[in-house]
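Step one of this worksheet: look at the structure below.
The values are calculated or read from the model by the stated rules, or taken from the named source; none is laboratory data. Everything numeric here is computed off the predicted structure, so don't read it as measured data. Ligands, DNA and RNA are stripped out before the accessible areas are found, and what is left, the full protein with its side chains, is counted by its heavy atoms. Shrake-Rupley method; radii C 1.70, N 1.55, O 1.52, S 1.80 Å.
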Amino acid sequence: MRKNAREDAFRLLFEQHVNPEEAAEKLKRYFDFAREEEKSEEPFYVNRPSKADVEYTSRVVEGVMENLSLIDAKIEEIKKISEVIIERNIVDN
């Protein structure tokens, strides 16, 4: 299910941001978990991802990591615009 794949991608990206030392291991566990035939307990993921979910999650995670500097620059740009708007609203009120 695409919703689960998006949630998994978000979790993996969050882990990369918060705990980069363990992020590679989490990503490996995600793909290993997806390949397992038998049912096992994996607390990080709600449901076993399908092949399509794994492919989607992989594309999202790789795409974000490859474009991280571009994404960060865009966030900074929006942040500056937001700060100006907030300041203007404070001064006007």
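Excluding same-chain neighbours fewer than eight residues apart, the lysines reachable from Lys28 by a Cα-Cα span under 24 Å are Lys3, Lys39, Lys51.
Among the protein heavy atoms, those of Met1 account for about 140 Å² of accessible surface (1.4 Å probe, every chain in place).
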